[in-house]
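Laboratory data are not the source of any read-out in this text; all were calculated from the coordinates shown. Bear in mind the structure is a predicted one, so any value in this text is a computation, not a measurement. Here the Cβ is made from the backbone with ideal geometry for all residues, glycine too, and neighbour counts use every protein chain on show.
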Amino acid sequence: MAVLVATLASGGLQAQESGLHERAKAIFDPLPDTMPGAEEDSRAQVELGRDLYFEEALSVNGTQSCNTCHRLDEGRAGDDGRAVSPGAVDGREGSRNAPTVINAGLHVDQFWDGRKDDLKAQAKGPVLNPKEMALPSAEAAERNIRDTGDYKARFNKLYEQGVTFDNIADAIAAYERTLISEDRFDAWLEGDRDALTKKEKRGLKTFMDTGCTSCHSGALLGGDSYQKMGIVEPYADTDDKGRMEVTGKESDKFVFKVPSLRNVALTAPYFHDGGVASLDQAVRKMASLQLGRDLTDKQVRDIVAFLETLNKNDDENFAQR
């Protein structure tokens, strides 16, 4: 009898697992192996872009690179851990949290307000932004790169027009298209039933049952749509009008790109203003602001446990790619 009971219990657990897996596969997708456009990138372009990503000559005083705010060194996950980042000039701060660059080329658009549609266009913005890298012109960027190291020869080899601002951004984008992370959740989606713990699977179920997937689904668990910040309850920060500043539409007031949850446990603080310090606080506040739900402490802990399965693998060192 004991053997029969154990067998039945095991079968029940397997059925639950199978049901959870099938439900999740209908909502989420594993990250792809390559990003759109990567098939046209040469190894030399990627290596050039990597060097430019870490190149401080792209800032007005030689103190900042793309990596300063979107860190890939020291095992970081593409951000700097600050609410908002200081710029190259007098530590002048921006107004929005620096999002991770990992998997960014899979997003619907770039920046919190979606004002640029691809990585190449995005790469140009911070270089000339007076609150960020603060170079005065595209010509200044070209001159700095042309006069640094062996960049001029490398550009001439790869690009007919040599060092141009457009080509600088093109090379950086080629490198960024290699920044696709790998994690345990994808391993589980692809059939490794032991990739997640019991608690993490419970958190996944809670994540889906709570309604989080209304915005956070697909391969990125977000990153493919826009949503008002504060659907049920207003968000505290009413200074930033979000996408309205791009489109001019009143309907886009307080609307932002839904962030991807890949690597979210590694990229605190949270939200467009970096206004929430911890992931458990962010989960609780999102449920309240967007869904009108008050989660229990256990629900929050379980959801956080699931979100931690979206962390990049420990051995992934993007800075050395």
Using unit Cβ charges (K, R positive; D, E negative) and no other charged atoms, how large, in debye to the nearest 20, is the dipole of the chain about its Cα centre?
720 debye
So for the pair GLU93, LYS298, with labels modelled 7 Å out along Cα→Cβ, what separation do we get in nm?
3.9 nm
Return the distance in nm (one decimal) between the two label points of a simple spin-label model at SER278 and ARG82, each offset 7 Å from Cα along Cα→Cβ.
2.4 nm
State, in angstrom, two size descriptors of region 237-304 derived from its alpha carbons: Rg to one decimal place and Dmax to the nearest whole number.
13.6, 42
How big, on average over all directions, is the shadow cast by the Cα convex hull of region 181-321, in nm²?
9.6 nm²
Find, to one decimal place in angstroms, the Kirkwood hydrodynamic radius of the chain, where the mean of 1/r is taken over every pair of different Cα atoms and then inverted.
21.1 Å
Can you work out the PRE-style zone for ASP117? Point 7 Å along Cα to Cβ, and I want the residues of region 205-233 with backbone N under 16 Å.
225
Helix runs (DSSP H) in the chain reaching 24 Å along axis by Cα, Kyte-Doolittle at least 0.0
2-27
Rg (one decimal) and Dmax (whole number) from the Cα set of region 38-176, in Å, equal 14.2, 41
Tell me which of TYR270, ALA83, ILE231 sits at the most positive position along the dipole axis of the chain, charges placed on C-beta atoms (Lys, Arg +1; Asp, Glu -1).
ILE231
Working from the alpha-carbon coordinates of region 114-200, get Rg over Rh, Rh being the Kirkwood radius.
1.23
List the residues of region 202-218 whose backbone N lies under 19 Å from a point placed 7 Å from the Cα of LYS25 along the Cα-to-Cβ direction.
202, 204-205, 208, 217-218
If you find the alpha carbon centre of region 284-318 and of region 98-148, how far apart are they in angstrom?
29 Å
If R0 = 25 Å, then GLU17 and ALA236, at their Cβ-Cβ distance, give a FRET efficiency to the nearest 0.05 of 0.05
Amide hydrogen neighbours beyond the local backbone of VAL255, cut-off 5 Å, H modeled
MET229, ARG243, MET244
Within straight-line cross-link reach of LYS131, lysines at Cα separation under 29 Å, skipping those fewer than 8 residues along the same chain
LYS116, LYS120, LYS152, LYS228, LYS241, LYS249, LYS253, LYS257
With label points built 7 Å along Cα→Cβ from the Cα atoms of SER225 and VAL108, find their separation and express it in nm.
0.8 nm
Over the residues of region 206-265, compute the C-alpha Rg and express it relative to 2.2 N^0.38 Å.
1.21
Where both residues lie in the chain, what percent of DSSP beta bridges are antiparallel, nearest 5?
75 percent
